[in-house]
Each structure stands twice: as structure tokens, then as C-alpha cells.
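Working notes, beginning with the structure itself.
The values are calculated or read from the model by the stated rules, or taken from the named source; none is laboratory data. These numbers were taken from a predicted model, which means no experiment stands behind them. Cβ sites come from the backbone with ideal geometry, for glycine too, and all protein chains shown count toward neighbours.
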Amino acid sequence: MTGRAATGRSLGLLVCLDCHLTMRDAKAPQMRCARCHARLHERKPHSLALTTTLLVLAAILYVPANLLPVMDTQTIIDDESDTIISGVLVLLHSGSWPIAMLVFVASIVVPLLKILALAVLIYSAWRRLPNGRMQRSQLYRAVEFIGKWSMLDIYAISLLATLVQVQSFASIIVGWGAWAFGAVVVLTLLATHTFDERLLWDAR
Ligand SMILES: [Zn+2]
């Protein structure tokens, strides 16, 4: 099955993305769904431009998310700023390596993989690359699936903060890195949502 296969669009079929009703000879975008009155689109409008914009913002913010402190720890003795990676190292040195690994994977590896995967999807949809459509479709579903678990990233960061707090009896102030990190999570979620998976199957 390659790009030569018929699509809903080529058969004059249109599916409502809200209630999944399929209609024949519907004309997008003026028409609305006969059942739930949602606006119909053959493809999500401006999908590639929107997804690209969101992804570029996410990729830019990924840098301060990792370089700026996610928390400022204040104790009576001293003040300390921790980035994600230095927090992971603190955990590692204090012997809680499973949690250190969890935080490392959830807050550094997964967001990076999400950004790279979305970049691959955007590029191949834009170039309408004919080979490996099935794999890219699976890649999209994987990103979508991870998105459903993306609160894990936020949990990982708060877990990190809590552990440091417990260990040092300190008061913690959320740093700019944490805001940037939160923005990365939200932006990649939105980018996954604005990307139209059907673009992966459009023929040249
Ligand atoms: Zn509908």
C-alpha cells in the first residue's frame, strides 16, 4: 500500500473529526457536520504551518528548559540553583538512581525524542515522501500516545523538587527553567494536535 491507494478525499468522503460521522459528497470547509455541526475539513487547516511554528517554539524553549535552573533551593546555610541535569546528578549521588533515571528519561530524553519525531513527520508530510508512510504513521501514534502520558514530565520535575526539599529541609522557588519546560510540554502537545495524520498518506 503506497500513495496510490484511494483516500477519503479522492473518493469524495469526508469524516467529522469531532464525532467521526462519515459523509459523502460533503464540501469542506463551508459545510458543517450533519450530526454534531462541527466545521468540516478535508485536512486540518494550516496544519503544517501551525505544527511547524509550535514545534520551532518548543525546540527553542527546550534549550533554556535544560540550561536555566528549574528550582532555587534556599536553606539557612546557603542558596542553590539546580537545572534538570544537576538535579538528576544530586539524586544520583544520593543513591536514588532509579528515580534519577526516571527524571532523566521523562524530562530530558522524552521531550527531545518528541521534538525530533514531530520534525520528521512535518518534513515527510511537507515533501510527501512516498516511502515508509506506515512507519511514520506509527511514529505519529507513538508521539500521540506519549502525549497522553506527558503529565509524567511535569510529575518528574515536581518529584525532583520534592526530593531535594525533603533532603535539605529547604524552601524551593520555581525557576525559569521549569516554566520553559512546562511550555515545551504544552507546545509539543499542541503540535501533535494540530498535525493532521492524513497528510502522511497524501499522494504527490
Ligand atoms: Zn460531527
Could you give me the residue pairs with C-beta distances under 7 Å whose first residue belongs to region 130-148 and is assigned by TED's automatic domain parsing to the domain that holds T188, whose second residue is small (G, A, S) wherever it lies, and which are 6+ apart or on separate chains? P130/G3; R136/S124; L139/A117; V143/A117
Are any residues in region 18-61 surrounded by 18 or more Cβ atoms within 10 Å (Cβ to Cβ), among the small types (G, A, S) and within 16 Å of the ligand (Cβ to nearest atom), and if so, which ones? A26
Checking the conditions here, which among R32, R24 is of a type in the set (D, E, K, R) and closer than 27 Å to L190 by Cβ? R32
Selection from region 71-95 of residues that are hydroxyl-bearing (S, T, Y), assigned to a loop (DSSP other than H, G, I, E, B) and either at pLDDT below 85 or within 24 Å of the chain's Cα centre (by Cα) (or both): T75, T83
